[in-house]
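> Structure provided below as structure tokens; questions to follow.
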């Protein structure tokens, strides 16, 4: 485990790299500061921290959603696959394979499960044939969604909605998925199931994940690396195992003893 | 009985004209959650442009095409100059913007084409047909046919195409739509242009019926009860709402009117709409908020 005061060296093979990012909402509300982190290829990286620590803000800064919430990145740069994407729009990022799954799922309630999935692929303008192939691929990962495909997403269970949200992201053929609180409001058994799928996607499809979670125990079991956040700053980072066995987490959640 | 049926069907057919206007509102409401007060001005703008071109000797379809392009340009201007500046603002801010917009569009139309009343003849004579002993206006039947075709076209656009699915996605959840890479601004442009097209069709039919004049923009007020009854988010609702308003106001005028001195037609739809607000606030076909408990 190391402290964050040291500068991260730009790693040539990192799929995502944040360099000293600072975000302010509505011109005055400070959200995150001095955030530097990176995600390697085919890695699961966890962002841990209590409510309001800035996990979601970091993910939205990466995915280009900050301006939609009246915020702005006032300092720092974000690199995705070696390119500066600090000012990129969500549509540009999605078409390059960087997709965010929002906190609280955000399914399109009045659309059917299948229509929800389809929206994820539109940005690439695939042919009808490619589109149905992608759909089959997602149904292979989530067989339950195939049974529900004609149902309105709004009437499916929380776990199923999380599957729809992840499946929708997969339709963009992503390389990196930003996953915000996948465990929120779900039964432990369903959480386990969701994380197993994430693990499987990492192993078989070579996807990378940047994962914001309050449920540190589960996240650290699946993650390779972890960053711990406290009121908008990174206080610790290190291998998932190191973080799990250290005092860092309880310090950040409960305050220093 | 025959008289009742005649009034009833006459009302239904007149209601189709209300539906035509209401559809334009539904489109924009679905895409951006905004009640576009300027829709009436767009109808006026389209009708005035069309009739002025026809008066200058341009054939029907030529004038139709030029007006359509003009409406698309107008949509683009509105998107760039107004909507894009106000993105993420509350619905009431956007509503106020469309209120202002309605005066600008209205003024622009009259500045360019003048304020006098134009007659518009689209070659449909208005001799009544007799069907099963009931007299029906030929023009109304024609208008109903056009509206039916338009609804079929829009239904296809919204339910089967990628633009349609994206549009419904945006209506449900704007942030999520952004997150999956839907380009909101492009979608808004398309929707405003389609609303301009619907406005043009409505403007030509209304213009042919009552003449092209300033008061065309006031049909926005007639569309309001239609939308409340049918639901703001449903094209089918706009159709059914229009039919209900058309039929009920005519029936009320003819059968209840004499009892209380007449003049019911103008306010009866609002009373009906108010009852709907009490019983079914999202309208007959509007999207209920889906909530799991």
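The values are calculated or read from the model by the stated rules, or taken from the named source; none is laboratory data. Since the model is a prediction, treat every value here as computed from it, not as a measurement. Neighbour counts are summed over all protein chains in view; Cβ atoms, including those assigned to glycine, are modelled from backbone coordinates with ideal geometry.
> Would you check which residues across the range A:112-122 are more than 19 Å from the chain's Cα centre (by Cα) and either touching a residue at least 40 places away in the same chain (Cβ under 8 Å) or at the interface with chain B (Cβ under 7 Å from one of its Cβ atoms) (or both) and list them?
Selection gives A:112, A:113, A:115, A:118, A:122.
> I need a count of the residues in the range B:162-173 that are buried (at least 19 other Cβ atoms within 10 Å of the Cβ) and either in a helix (DSSP H, G or I) or more than 11 Å from chain A (Cβ to nearest Cβ) (or both).
Residues in the range B:162-173 being buried (at least 19 other Cβ atoms within 10 Å of the Cβ) and either in a helix (DSSP H, G or I) or more than 11 Å from chain A (Cβ to nearest Cβ) (or both): 8 in total.
> Same structure again: Please state which of the following conditions residue A:50 fails to meet, knowing it meets all the rest: (1) at the interface with chain B (Cβ under 10 Å from one of its Cβ atoms); (2) within 30 Å of residue A:233 (Cα to Cα); (3) outside any helix (DSSP H, G or I); (4) touching a helix residue (DSSP H, G or I) at 6+ places or on another chain (Cβ under 6 Å).
Among (1) at the interface with chain B (Cβ under 10 Å from one of its Cβ atoms); (2) within 30 Å of residue A:233 (Cα to Cα); (3) outside any helix (DSSP H, G or I); (4) touching a helix residue (DSSP H, G or I) at 6+ places or on another chain (Cβ under 6 Å), the lone unmet condition for residue A:50 is (1).
> Please work out which one of (1) at pLDDT below 85; (2) within 14 Å of another protein chain (Cβ to nearest Cβ); (3) touching a helix residue (DSSP H, G or I) at 6+ places or on another chain (Cβ under 6 Å) is the condition residue B:159 fails and give its number.
Going through the list (1) at pLDDT below 85; (2) within 14 Å of another protein chain (Cβ to nearest Cβ); (3) touching a helix residue (DSSP H, G or I) at 6+ places or on another chain (Cβ under 6 Å), residue B:159 breaks only (3).
> Okay, next question. As an exercise: evaluate residue B:36 against (1) in a helix (DSSP H, G or I); (2) touching a helix residue (DSSP H, G or I) at 6+ places or on another chain (Cβ under 6 Å) and give the number of the one condition it does not meet.
If we test residue B:36 against (1) in a helix (DSSP H, G or I); (2) touching a helix residue (DSSP H, G or I) at 6+ places or on another chain (Cβ under 6 Å), just (1) comes out false.
> May I pose another question? Determine if the range B:197-208 includes at least one residue that is surrounded by fewer than 20 Cβ atoms within 10 Å (Cβ to Cβ) and over 12 Å from the mean Cα position of the chain (by Cα).
Looking for residues that are surrounded by fewer than 20 Cβ atoms within 10 Å (Cβ to Cβ) and over 12 Å from the mean Cα position of the chain (by Cα), one finds none in the range B:197-208, hence no.
> Return the residues of the range A:28-84 that are more than 16 Å from the chain's Cα centre (by Cα), surrounded by 23 or more Cβ atoms within 10 Å (Cβ to Cβ) and within 17 Å of residue A:104 (Cα to Cα); say none if nothing qualifies.
Correct list: empty.
> Further question on the same structure: Among the residues of the range B:229-238, is any without any contact (Cβ under 8 Å) to a residue 24 or more places away in the chain and in a helix (DSSP H, G or I)?
Within the range B:229-238, none of the residues are without any contact (Cβ under 8 Å) to a residue 24 or more places away in the chain and in a helix (DSSP H, G or I).
> I've got another one for you. Return yes or no: is residue A:137 assigned to a loop (DSSP other than H, G, I, E, B) and more than 13 Å from chain B (Cβ to nearest Cβ)?
Here the answer is no, as residue A:137 does not meet what is asked.
> Which residue is farthest from residue A:200 (Cα to Cα), if the candidates are limited to the range A:142-169 and must be within 12 Å of another protein chain (Cβ to nearest Cβ) and assigned to a loop (DSSP other than H, G, I, E, B)?
A:151
> While we're here: When you look at residue B:81, is it surrounded by 20 or more Cβ atoms within 10 Å (Cβ to Cβ), more than 14 Å from chain A (Cβ to nearest Cβ) and at pLDDT 90 or above, yes or no?
no
> If you go through the range A:98-111 one residue at a time, how many are more than 9 Å from chain B (Cβ to nearest Cβ) and at pLDDT 95 or above?
The total comes to 1.
> Ok, one more. Among the residues of the range A:170-180, are any facing chain B (nearest Cβ under 9 Å) and assigned to a helix (DSSP H, G or I)?
No: the range A:170-180 contains no residue that is facing chain B (nearest Cβ under 9 Å) and assigned to a helix (DSSP H, G or I).
> Consider residue A:93 carefully, then state whether it is without any contact (Cβ under 8 Å) to a residue 40 or more places away in the chain, part of a loop (DSSP other than H, G, I, E, B) and under 15 Å from the mean Cα position of the chain (by Cα).
Here the answer is no, as residue A:93 does not meet what is asked.
> Another question, then. Determine whether the range A:72-86 contains at least one residue that is part of a loop (DSSP other than H, G, I, E, B), within 27 Å of residue A:40 (Cα to Cα), free of Cβ contacts under 8 Å to residues at least 24 places away in the same chain and in contact with a strand residue (DSSP E or B) (Cβ under 8 Å, 6 or more places away or on another chain).
Among the residues of the range A:72-86, at least one is part of a loop (DSSP other than H, G, I, E, B), within 27 Å of residue A:40 (Cα to Cα), free of Cβ contacts under 8 Å to residues at least 24 places away in the same chain and in contact with a strand residue (DSSP E or B) (Cβ under 8 Å, 6 or more places away or on another chain), which makes the answer yes.
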